[in-house]
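Structure record follows, encoded as structure tokens.
The values are calculated or read from the model by the stated rules, or taken from the named source; none is laboratory data. Please read these numbers as outputs of a predicted model, since none were measured by experiment. Don't worry about glycine lacking a Cβ; one is built from the backbone with ideal geometry, like all the others, and counts go over all protein chains shown. Just so you know, the surface numbers come from the protein's heavy atoms only, side chains and all, with ligands and any DNA or RNA stripped out. Shrake-Rupley method; radii C 1.70, N 1.55, O 1.52, S 1.80 Å.
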Amino acid sequence: MQPLVELNHVAFGYGSEPVLEDICLHLHPGQFAALVGPSGAGKTSLLKLILGVLQPARGEICVHGKSLNGRPAPRVGYVPQLESVDWNFPVTVEQVVLMGRVRRSGVWPWPGVEDRRRVREVLERLEIGGLAGRHIRDLSGGQQQRVFLARALIAEPDLLVLDEPTTGVDMRTAENVLHMLAHLNQQGMTILITTHDLNAAAGHLPWVVCLNRRVIAQGPPDEIFTTETLNETYRGDMLVIRQDGMLFVQQKPHGHTYHDLVPNPVAGEAMPQTPESNNGRLSSTVSV
Amino acid sequence: MDVFLQPFQFEFFRNGTLAAVLVGGLCGLIGVYIVLRGMSYIGHGLSHAIFGGAVVAFVMTWNFYLGAGLWGFLAAVLINQTVRRTRISADAAIGVITTASFAIGVALISRYRRFTRSFDAALFGNILGVTGQDVLVVAAVTLMVGAIIFFLYKQLLFTTFDAEVAQVYGVKTEWIDTLFSLVLAAALIASMQILGVTLIAAALVIPAITARLLTDSFNRMIVLSTLIGAVTGLIGMYLSYYVDVSSGATIVLLQATAFGLVLMITSLQKRAARRLIHTHL
Ligand SMILES: Nc1ncnc2c1ncn2[C@@H]1O[C@H](COP(=O)(O)OP(=O)(O)OP(=O)(O)O)[C@@H](O)[C@H]1O
Ligand SMILES: [Mg+2]
């Protein structure tokens, strides 16, 4: 089978410092894979290389069997890290999603009937149909993630690339997002994500790539999430626990814990929940 | 009513008003993109760079629009390339290149003292300087910029929102950026005679931020900013005729006042809304 994405001995650096070295990676049609690795490992850089936004210093990147050679990758939906979004920009959910059709809709500045229908459809599919007119800032983290996923899906991509879709949302929402991606994958979508959540990756993903400047290991999390590979990837002391068919990863605490450092920490005060104090808290949250 | 129409019997006033309305609207329109991309400084810098080009054109007896235009465009490209190819940051590159360009203009003027008077207009704006030909140029530039923004609306919006992601979705962002530099340079040159180099940056920024306060929708912000620019251009011209103050300064002061009012009203509204929530709890 021809890989959808193919990296052959790719090296990359922003300046003289190498960020990625000798990366060989295949992504097959229908695959669902996650890049994991510590901060600064080069995950985002690797995504951007595949997207064709950054150019490799050495090596070759092929998408659909064709070398990118400085062009952006064809038929790819990209969901950037939410932190990189300008939340004060004056756009509504619908306007953001419409951006995904920038190449398909006509020359007029306003969206056509078909554009609007597709926006409605994709928003319904991601269960945020009622939010079309909202400003993007006025959404929860999970909803924001869905909006940008909707923008990617409306472009009808063959490959979906998401940078840290589970960062900045609570555990349940993160689980939700991964579940949604699993559904898309079931319908045939090829998906590549990055994540810091090793436990979620272990539970939800069929394939992980451990990255730290080079590919340390790749395979099903069951096989490659071992103390040795994770220690090498994270340059730390990792603890891997298997229980009830699940896999848990935890960074071992430092030699000295907080209590060693501060034997008598300043204690908080548990307030009784009177209606009055409740009222005060509510109004202060509203005013933010 | 006659008093109201009285200044229109003068051709210079008709020309000036028409130009001010067009330039006000034009700057308001482009300003939206400038403000949202955090490029206010580039508007300020480029107008100064173009001033250098204008003086050189004058000394070499080239056509003003051609000389200033080429110069402005080259400065924009030079800034772009400096940022792209070196470690120098955008604001530093703009600072160096445009100020040096402005200095060339100042140096030439001080060398050939006799020009000094005619460049007052370029520096501070003057309705008396607006000829029929200037109005035609302003109208042509406004039409061209309007058409470009109309037909590239979606691409420009995406590039302004997030250039890197837009590239992934197939927008030719490099081309869009170059075209936008061209549009900006053209608009600055067209505005120079009316607003003056030193005030253009304000006319680019104020209507856009005022519009931003009034709406959360990009489409409405574009319309509002253009309207605010055009209306303050019209009223500013009137005021400048009656109080005998430079047209550029009058228009910009009027815009600043409008911004102040809108800021006051919107923050009062917000506070009122907050109080409403408070009482309803
Ligand atoms: N625009 C840039 N210019 C220069 N260096 C950069 C740039 N972006 C990233 N780097 C550097 O490249 C290295 C890899 O960064 P990258 O963003 O790819 O890491 P990452 O694995 O995505 O990290 P995180 O998990 O924190 O998002 C880091 O050392 C970073 O400092
Ligand atoms: Mg990253």
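Residue A:120 - would you say it is buried (at least 16 other Cβ atoms within 10 Å of the Cβ), in contact with a helix residue (DSSP H, G or I) (Cβ under 8 Å, 6 or more places away or on another chain), of a type in the set (D, E, K, R) and within 26 Å of residue B:154 (Cβ to Cβ)? First the steps, then the outcome.
Values: buried (at least 16 other Cβ atoms within 10 Å of the Cβ): no; in contact with a helix residue (DSSP H, G or I) (Cβ under 8 Å, 6 or more places away or on another chain): yes; of a type in the set (D, E, K, R): yes; within 26 Å of residue B:154 (Cβ to Cβ): yes.
Here the answer is no, as residue A:120 does not meet what is asked.
Suppose we filter region B:161-192 for residues that are part of a helix (DSSP H, G or I) and either within 14 Å of chain A (Cβ to nearest Cβ) or more than 22 Å from the chain's Cα centre (by Cα) (or both); how many remain?
If we filter region B:161-192 for residues that are part of a helix (DSSP H, G or I), which is where we start, we get B:161, B:163-168, B:173-192.
Checking the rest, the ones that are also either within 14 Å of chain A (Cβ to nearest Cβ) or more than 22 Å from the chain's Cα centre (by Cα) (or both) come to B:161, B:163-168, B:173-176.
Adding up the residues that qualify gives 11.
Identify the single condition in (1) touching a strand residue (DSSP E or B) at 6+ places or on another chain (Cβ under 8 Å); (2) within 14 Å of another protein chain (Cβ to nearest Cβ); (3) of a type in the set (Gly, Ala, Ser); (4) within 10 Å of ligand 1 (Cβ to nearest atom) that residue A:15 does not satisfy, given that it satisfies every other one.
(1)
Output yes when any residue across region A:82-105 is more than 11 Å from chain B (Cβ to nearest Cβ), part of a loop (DSSP other than H, G, I, E, B) and farther than 27 Å from residue B:150 by Cα, and no when none is.
There is no residue in region A:82-105 that is more than 11 Å from chain B (Cβ to nearest Cβ), part of a loop (DSSP other than H, G, I, E, B) and farther than 27 Å from residue B:150 by Cα.
Name every residue in region A:57-76 that is within 16 Å of ligand 1 (Cβ to nearest atom) and open to solvent by 40 Å² or more (accessible area, probe 1.4 Å), in order of residue number. Show your work before the answer.
If we filter region A:57-76 for residues that are within 16 Å of ligand 1 (Cβ to nearest atom), which is where we start, we get A:57, A:61.
Hit for region A:57-76 is A:57, nothing else.
Which of the residues spanning region A:169-203 are away from ligand 2 (no atom under 16 Å from the Cβ) and acidic (Asp, Glu)?
A:170, A:175
Which is under 16 Å from residue A:79 (Cβ atoms) and away from ligand 1 (no atom under 16 Å from the Cβ), of A:192, A:181? Outline the logic, then answer.
Values: A:192 fails: away from ligand 1 (no atom under 16 Å from the Cβ).
Answer to the selection: A:181.
Only residues that are within 16 Å of residue A:196 (Cα to Cα) and open to solvent by 70 Å² or more (accessible area, probe 1.4 Å): list them for region A:240-251, please.
So the first thing to find is which residues in region A:240-251 are within 16 Å of residue A:196 (Cα to Cα), and the list is A:240, A:247-251.
Hits for region A:240-251 are A:248, A:250, A:251.
For region A:133-151, check the following and say yes or no: at least one residue is hydroxyl-bearing (Ser, Thr, Tyr), more than 9 Å from chain B (Cβ to nearest Cβ), under 24 Å from the mean Cα position of the chain (by Cα) and open to solvent by less than 70 Å² (accessible area, probe 1.4 Å).
Within region A:133-151 (the criterion being hydroxyl-bearing (Ser, Thr, Tyr), more than 9 Å from chain B (Cβ to nearest Cβ), under 24 Å from the mean Cα position of the chain (by Cα) and open to solvent by less than 70 Å² (accessible area, probe 1.4 Å)), the answer is yes, since at least one residue qualifies.
Tell me, which strands (runs of 3 or more DSSP E) wholly within region A:180-247 include 1 or more residues that are closer than 15 Å to residue A:41 by Cα?
Working: elements: A:190-195, A:207-212, A:214-219, A:238-243.
Per the criteria, A:190-195, A:207-212, A:214-219.
Is at least one residue of region A:100-108 among the aromatic types (Phe, Trp, Tyr), over 30 Å from residue A:24 (Cα atoms) and either free of Cβ contacts under 8 Å to residues at least 40 places away in the same chain or within 16 Å of ligand 1 (Cβ to nearest atom) (or both)? Give the derivation first.
Of the residues in region A:100-108, the ones among the aromatic types (Phe, Trp, Tyr) are A:108.
Next, from what is left, pick out any that are over 30 Å from residue A:24 (Cα atoms): A:108.
If we keep only those that are either free of Cβ contacts under 8 Å to residues at least 40 places away in the same chain or within 16 Å of ligand 1 (Cβ to nearest atom) (or both) too, we end up with A:108.
Yes.
Residues in region A:68-89: is at least one within 30 Å of residue A:134 (Cβ to Cβ), away from ligand 2 (no atom under 16 Å from the Cβ) and touching an Asp or Glu at 6+ places or on another chain (Cβ under 6 Å)? Don't jump to the end; show me each part of the working.
So in region A:68-89, the residues within 30 Å of residue A:134 (Cβ to Cβ) come out as A:72, A:75-89.
Narrowing further to those that are away from ligand 2 (no atom under 16 Å from the Cβ): A:72, A:75-77, A:86-89.
Filter again for touching an Asp or Glu at 6+ places or on another chain (Cβ under 6 Å), leaving A:75.
There is at least one residue in region A:68-89 that is within 30 Å of residue A:134 (Cβ to Cβ), away from ligand 2 (no atom under 16 Å from the Cβ) and touching an Asp or Glu at 6+ places or on another chain (Cβ under 6 Å).
Return the residues of region B:190-227 that are of a type in the set (Ser, Thr, Tyr) and either touching a residue at least 24 places away in the same chain (Cβ under 8 Å) or open to solvent by 30 Å² or more (accessible area, probe 1.4 Å) (or both); say none if nothing qualifies.
Within region B:190-227, the subset of a type in the set (Ser, Thr, Tyr) is B:191, B:198, B:210, B:215, B:217, B:225-226.
Those that are of a type in the set (Ser, Thr, Tyr) and either touching a residue at least 24 places away in the same chain (Cβ under 8 Å) or open to solvent by 30 Å² or more (accessible area, probe 1.4 Å) (or both): B:191, B:198, B:210, B:225, B:226.
Report those strands (runs of 3 or more DSSP E) wholly inside region A:3-50 carrying at least 1 residues which are within 16 Å of ligand 2 (Cβ to nearest atom), open to solvent by 10 Å² or more (accessible area, probe 1.4 Å) and out of contact with any Ser or Thr (no Cβ under 7 Å at 6 or more places or on another chain). First the steps, then the outcome.
Values: elements: A:5-12, A:20-27, A:32-36.
Filter on region A:3-50 gives an empty set.
Would it be correct to say that residue B:158 is at the interface with another protein chain (Cβ under 9 Å from one of its Cβ atoms) and crowded, with 24+ Cβ neighbours inside 10 Å? Give the steps one after another, and end with the answer.
Numbers: at the interface with another protein chain (Cβ under 9 Å from one of its Cβ atoms): yes; crowded, with 24+ Cβ neighbours inside 10 Å: yes.
Yes, satisfied.
Are there any pairs, at least 6 apart or on different chains, whose C-beta atoms fall under 6 Å, with the first in region B:18-47 and more than 15 Å from residue B:252 (Cα to Cα) and the second charged (D, E, K, R), and if so, which?
B:41/B:91
Filter region A:153-168 for residues that are within 16 Å of ligand 2 (Cβ to nearest atom) and aliphatic (A, V, I, L, M); which is nearest to the other protein chains (Cβ to nearest Cβ)? Quick ask: steps written out before the conclusion?
Step one: filter region A:153-168 for residues within 16 Å of ligand 2 (Cβ to nearest atom), giving A:161-168.
Now drop any that are not aliphatic (A, V, I, L, M), which leaves A:161-162.
Numbers: A:161: 8, A:162: 12 Å.
In this case the residue turns out to be A:161.
Going residue by residue through region A:161-175, is there one that turns out to be more than 16 Å from ligand 1 (Cβ to nearest atom) and closer than 17 Å to residue A:101 by Cα?
No, there is no match, as no residue in region A:161-175 is more than 16 Å from ligand 1 (Cβ to nearest atom) and closer than 17 Å to residue A:101 by Cα.
So residue B:250 passes all but one of these: (1) buried (at least 24 other Cβ atoms within 10 Å of the Cβ); (2) in contact (Cβ under 8 Å) with a residue 24 or more places away in the chain. Which condition number does it fail?
(2)
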